[in-house]
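Visitor: Shown below is the structure under consideration.
Just so it is clear, none of the values below were taken in a lab; they were calculated from the coordinates. In this text the structure is predicted, and so the values were computed from the model without any measurement. Positions of Cβ are backbone-derived with ideal geometry, glycine not excepted, and every protein chain shown enters the neighbour counts.
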2 protein chains.
Amino acid sequence: MDHDKLLAELNQFLAIPSISTLPAHAQDCRRAAGWLMEQFRALGCPVVELLEGDGHPVVWAESPRIEGKPTVLCYGHYDVQPVDPLDEWVSPPFEPTVRDGKLYARGAVDDKGQVFTLLKAYQSVLGKDGKPPLNVHFIIEGEEECGGRVIFDRLRAEPERTAVDAVIVADMGYYAPGMPAVYTGLRGLCYAEIHVRTLQRDLHSGSYGGVAPNAMETLVRLLADLKSRSGKINIPKLYKAVEPPTKAERKAWKGLPFDEREFLKDEVTGKALVGLKQYSALERTWALPTFEIHGIRGGFTGEGAKTVIPAQAMAKVSLRLVPNQEYEKVGKWLTRAVKDLAPKYAEVEVKLLHGGNPVLCDVSHPAFTVLDEAFEAVAGARTVPVRAGGSIPVVPELQRGGAPVLLTGIGLPDDGLHSPNEKVTVQQLWDGIEVFGKFFTRFAERGAA
Amino acid sequence: MDHDKLLAELNQFLAIPSISTLPAHAQDCRRAAGWLMEQFRALGCPVVELLEGDGHPVVWAESPRIEGKPTVLCYGHYDVQPVDPLDEWVSPPFEPTVRDGKLYARGAVDDKGQVFTLLKAYQSVLGKDGKPPLNVHFIIEGEEECGGRVIFDRLRAEPERTAVDAVIVADMGYYAPGMPAVYTGLRGLCYAEIHVRTLQRDLHSGSYGGVAPNAMETLVRLLADLKSRSGKINIPKLYKAVEPPTKAERKAWKGLPFDEREFLKDEVTGKALVGLKQYSALERTWALPTFEIHGIRGGFTGEGAKTVIPAQAMAKVSLRLVPNQEYEKVGKWLTRAVKDLAPKYAEVEVKLLHGGNPVLCDVSHPAFTVLDEAFEAVAGARTVPVRAGGSIPVVPELQRGGAPVLLTGIGLPDDGLHSPNEKVTVQQLWDGIEVFGKFFTRFAERGAA
């Protein structure tokens, strides 16, 4: 394949500022979707459509139907994160630039670059008659970064879309350079606001300090009570619902190169790791729930010295969830815990904003062997089974049809997802195209129809 | 005196939007100062000047010198608080309006209306020769509401200004309708920001939740640790430095009409009073220190569900201080306590923004008897000795010359200082003019020269 031509094509896609969370970029999201549709049409897909809903559309494409051959569903997303702080970008986020073998642009690896590897892998396996060796469907959404519901609604309403033989989710990365990975689990998410009111109106701390209940203080105490100093979350039932990692996972994780000091210094950028000391750092980020405070609103935070006793205060918090912790159930437990911990004089409310269920992927299905062999042939290494601490809420929907979901990809740990100077290593792109191409070819031969 | 004419004059003063904290109103502050200077000149004051400094000027005026007679220094301020929320005002804040015997305007009682009573009381005691029965000096500042330093700098540099026989601070109010008051104590203030940093950059809670120290959580725990659930502030030495109220004060306070349920419902607007239960509500607001959290900044508090682990967080806090707790000393104790409570992985910094020392006034000086008699003659009641929970940082400067400081005034508890629809009861203005007039006359006869 002509690498310059490929880069030029990818750069067209990357140049579209399809920031899904900013309403001003709604048309750009449609342009990115339109660009993909053009590609699928140019490759001869007989079905190319927009799945519309209350938000940015999902691009759906189907290869020409090959009877008796398995079907692979390829997932990715064409939307990207916002770009601020803009002044930290060395080259502008929507002017893709190669420096030292790396392609810098917003979306380079998350996830336009990876969508591109699927697209070009598909192109690479088309025969002279324009037909692939198996059936390939694409579902490329535009709301992964903004928590939209279009893809959820469509997959629930149309379960036949996930009635396939394997699903590739190309939105992940290598464990380390040279170490491709498949993900056996993802954490879920339960995001909420905790609202506290103690007074009908703000008061002056001179006149009423010493007797008036301060909503900010009440909230602070509540939040401190929700997690002990050791890192244990004080929500009843939460830990009983943790499904621990398997022996095989624990064994695999122990074998992974992981230097806690380097991790602390280079990635965490702090002076110490925190959390439940009886578990390893990897287990704490991959297989245990968390409770984080993201921000607190209320009272006075401007310049100067306003002496207000706030009547109300709000905290944005979230829990990351691990297998067996469904977010709706955990939301109820959190609400109960907050109400139980709050003093009687306070009105408290927990508003659940957003959720996603945790994911477990059984990697014993033969599709994983096919993927392993493809990586071995191209990158010289089989995949390592790892988990990720983050969440991809759509994965449970993709699992609905019962097909194995291969969470994989060609990102590298230092790609800077969601940050300024997001990049993808160019060679990883070429490897990705080859790996997915080999996967298609071999799965066509070995996958169940 | 012609009440309509008086009101018309006061309304000119009230119509000037001298909001000292807003730079856009700097010229209005000068206009208010100029209005006062015109008044003093019209009354024949031989010395009328602006004391300039780094901020809004102080108006200084002296009556014609009367040898052998005592000197009273009258303090007030011509600046006012901001007016938001503007839409809650029934009539515009700078268009003074009388409704039902009350004059509504920003500054009606805090403090232009009260400055006006001093001015007109002085006018009322001038003889046909334009001379008063004693020496009256005026010091009317323009930075009481914004914490400016001009008056402090001038009084420290020029101690002769407070070398007088009595100081009247007309910036206070009655304990209740019909119950004029003198204030035996004010609380001081130590206002600070607590800054916490745990990471070099914000992290994603999916990738790092469970191991990365969250600055917001660290701050929350620190704040919770600084005050126990019972209301006790966990700063070593703080309570040892509390000078308890005298027996006479405690006795007087017990005799005051105070209904805790009404106070809770009508003033505090909450469901319960908090604080150290072994002390009465009045003692908690007047004679004990407090620690309040005013607001917390950092992380994400916008709409939606951003899953950030904040690298840094900041809380705005303050302590109200009681006699023997100098704010600079308390600032050091707070800093020490924060550093001792913070975990090792956190960088913490305490920035002291603003402070004022607590005040005790010995009300045994004969000047207080004169004031009592004046109130009794005009309002039918002698003053009750109370304290205030708030702070007037300039009072220790006014005490510097050793003269008794009479903290008094004609406000009523429901005047709505700093709030929309601030008002003064018109009859209180007329009473105030008469009370201070009688005070001048009688103090001229009885005060030490």
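Visitor: For peptide A:346-357, what's the mean number of Cβ atoms from other chains within 10 Å of each residue's Cβ? Provide the component values of the computation, followed by the final result.
Guide: On the way: counts 3, 1, 0, 0, 0, 0, 0, 3, 3, 1, 0, 0.
The shielding value for this peptide is 1.
Visitor: Straight-line reach from B:K271: which aspartates and glutamates have Cα under 13 Å away, leaving out those fewer than 8 places along the same chain?
Guide: Here the aspartates and glutamates satisfying the reach criterion relative to B:K271 are A:E347, B:E260, B:E262.
Visitor: Taking 0.36 nm per intervening residue step and subtracting the Cα-Cα distance, what contour gain separates A:N324 from A:Q427 on full extension?
Guide: Values: separation 103, 0.36 × 103 = 37.08 nm, distance 3.83 nm.
Contour length minus Cα-Cα distance gives 33.3 nm.
Visitor: Test of understanding: extend the Cα→C-beta vector of A:K5 to 7 Å, then name every residue of the range A:124-144 with backbone N under 19 Å from that spot.
Guide: Flagged as within label range: A:124-132.
Visitor: Going by C-beta contacts inside 10 Å, put A:Y78, B:Y104, A:Y175 in order with the fewest on the left.
Guide: A:Y175, B:Y104, A:Y78
Visitor: For A:G304, place a label point 7 Å out from Cα along the Cα→Cβ vector, do the same in each other copy, and report the separations in nm, one decimal, smallest first.
Guide: The answer, with the shortest distance listed first, is 3.2 nm.
Visitor: Next up: Straight-line reach from B:K102: which lysines have a Cα under 22 Å away, not including same-chain ones fewer than 8 places off?
Guide: Those lysines meeting the cut-off are B:K5, B:K112, B:K120, B:K423.
Visitor: Which lysines have a Cα lying under 18 Å from the Cα of A:K254, excluding residues fewer than 8 positions away in the same chain?
Guide: A:K277
Visitor: Output the relative contact order of the range B:118-273, whole-number percent, from Cα pairs under 8 angstrom with separation of 6+ residues.
Guide: 7
Visitor: Still on this model: List the residues whose amide H sits under 5 Å from the amide H of B:D202, counting only those 5 or more places along or on another chain, with H placed 1.01 Å from N in the peptide plane.
Guide: The answer is B:A311.
Visitor: What's the extension gain from B:E52 to B:A176 if we count 0.36 nm per residue and subtract their Cα-Cα distance? Present the calculation step by step, with values, prior to reporting the outcome.
Guide: Numbers: separation 124, 0.36 × 124 = 44.64 nm, distance 3.76 nm.
Once the chain is fully extended between B:E52 and B:A176, it gains 40.9 nm.
Visitor: How high is the relative contact order of chain B, given as a whole-number percent (alpha carbon pairs under 8 Å, six or more residues apart)?
Guide: Working: 947 pairs, mean separation 116.7, N = 449.
Across chain B, relative contact order equals 26 percent.
Visitor: Moving on. To one decimal in nm, how far is B:P177 from the same spot in the other copies, if labels go 7 Å from Cα toward Cβ? Please give the shortest first.
Guide: The projected label point of B:P177 is separated from its counterparts by 8.2 nm.
Visitor: Okay, moving on. Compute, for the range A:1-152, the length of the dipole vector about the Cα centre, with Cβ point charges of +1 (Lys, Arg) and -1 (Asp, Glu) only. Units Debye, rounded to 20.
Guide: 640
Visitor: At R0 = 51 Å, how high is the FRET efficiency between A:R400 and B:E260 if r is their beta carbon distance? Nearest 0.05 is fine.
Guide: My answer for the efficiency is 0.25.
Visitor: Still on this structure, I have one more. Taking every DSSP beta bridge with both residues inside the protein assembly as shown, roughly what % is antiparallel (nearest 5)?
Guide: 70
Visitor: Take the alpha carbon gyration tensor of chain B, find the square roots of its eigenvalues, order them as a ≥ b ≥ c, and report rounded if a/c is under 1.5; if not, report prolate when a/b exceeds b/c, else oblate.
Guide: Verdict is prolate for chain B.
Visitor: Report, for A:D259, each distance to the same residue's label point in the other copies, shortest first and in nm; define the point 7 Å along Cα→Cβ.
Guide: Distances between equivalent label points, in nm: 7.4.
Visitor: Another question, if that's okay. Determine the shielding of peptide A:271-283 by partner chains: average, over its residues, the number of Cβ atoms on other chains within 10 angstrom of each Cβ. Numbers along the way, then the final one.
Guide: Values: counts 9, 8, 6, 10, 5, 2, 0, 0, 2, 1, 3, 2, 2.
Mean number of neighbouring Cβ atoms from other chains: 4.
Visitor: To the nearest whole number, what is the average tally of beta carbon atoms from other chains within 10 Å of the beta carbons of peptide A:219-232?
Guide: Details: counts 4, 11, 7, 2, 7, 7, 2, 2, 4, 1, 3, 0, 3, 0.
The per-residue average across the peptide is 4.
Visitor: Provide the FRET efficiency to the nearest 0.05 for the A:S230-A:K344 pair, computing r from the beta carbons and using R0 = 22 Å.
Guide: So, using R0 = 22 Å, E works out to roughly 0.20.
Visitor: Would you please give the FRET efficiency between A:R149 and A:Q12, computed as 1/(1 + (r/R0)^6) with r the Cβ-Cβ distance and R0 = 25 Å, to the nearest 0.05?
Guide: 0.30
Visitor: Which links in A:K240/A:K329; A:K128/A:K438; B:K232/B:K329; A:K265/B:K344; A:K237/A:K332; A:K240/A:K344 stretch past 23 Å when you go from one Cα to the other?
Guide: On the way: A:K240/A:K329 13 Å; A:K128/A:K438 17 Å; B:K232/B:K329 19 Å; A:K265/B:K344 16 Å; A:K237/A:K332 11 Å; A:K240/A:K344 28 Å.
Listed pairs above 23 Å: A:K240/A:K344.
Visitor: How about the range B:323-360: which chymotrypsin sites (Phe, Trp or Tyr not before Pro) there lie in a loop by DSSP and see at most 10 other Cβ atoms within 10 Å?
Guide: none
Visitor: Using helices alone, what [θ] at 222 nm do you get for the protein assembly as shown, with -39,500 (n - 2.57) per DSSP H run of 4 or more residues, divided over all residues and rounded to the nearest 500?
Guide: Here the helix-only value at 222 nm equals -9000 deg cm²/dmol.
Visitor: Enumerate the residues in the range A:262-303 having an amide nitrogen under 18 Å from the point lying 7 Å beyond the Cα of A:R250 toward its Cβ.
Guide: A:276-289, by backbone N distance to the label point.
Visitor: Rounded, prolate or oblate, given the Cα gyration tensor of the range B:204-272, with a/c below 1.5 counting as rounded? Numbers along the way, then the final one.
Guide: Working: a/c = 6.51, a/b = 2.02, b/c = 3.22.
Cα axes put the range B:204-272 in the oblate bin.
Visitor: Where nothing but the Cβ of Lys and Arg (+1) and of Asp and Glu (-1) is charged, how large is the charge dipole of the protein assembly as shown around its Cα centre, in debye to the nearest 20?
Guide: Dipole of the protein assembly as shown, to the nearest 20 debye: 3040 debye.
Visitor: If a/c stays under 1.5 just call it rounded; otherwise compare a/b with b/c (prolate if a/b is bigger, oblate if not). Do that for the range A:365-449, with a ≥ b ≥ c from the square roots of the Cα gyration tensor eigenvalues.
Guide: oblate
Visitor: Right, next: So how do B:403-416, B:144-157 stack up, highest first, on mean other-Cβ count within 10 Å?
Guide: Packing proxy ranking, top to bottom: B:403-416, B:144-157.
Visitor: From the C-alpha coordinates alone, can you work out the Kirkwood hydrodynamic radius of the protein assembly as shown, in Å?
Guide: Here the Kirkwood hydrodynamic radius works out to 31.6 Å.
Visitor: A follow-up question, please. Apply the Karplus curve 6.51 cos²θ - 1.76 cosθ + 1.60, θ = phi - 60°, to the phi angles in the range B:434-440 and return the couplings in whole Hz, x for Gly and Pro.
Guide: Residue by residue, the range B:434-440 yields 5, 4, 5, x, 5, 4, 4 Hz.
Visitor: For labels at A:E373 and B:K351 in the simple 7 Å Cα→Cβ model, what's the distance in nm?
Guide: Here the answer is 6.3 nm between the modelled labels.
Visitor: Okay, moving on. Please list, ordered by chain and number, the residues whose modelled amide H lies under 5 Å from the amide H of A:R387; skip anything fewer than 5 residues away on the same chain.
Guide: Here the answer is A:T184, since their amide H atoms fall under 5 Å of that of A:R387.
Visitor: Okay, next question. Which order, highest average first, do A:193-200, A:209-216 follow once you tally other Cβ atoms within 10 Å for each residue and take the mean per peptide?
Guide: Highest-to-lowest ranking by the protection proxy: A:209-216, A:193-200.
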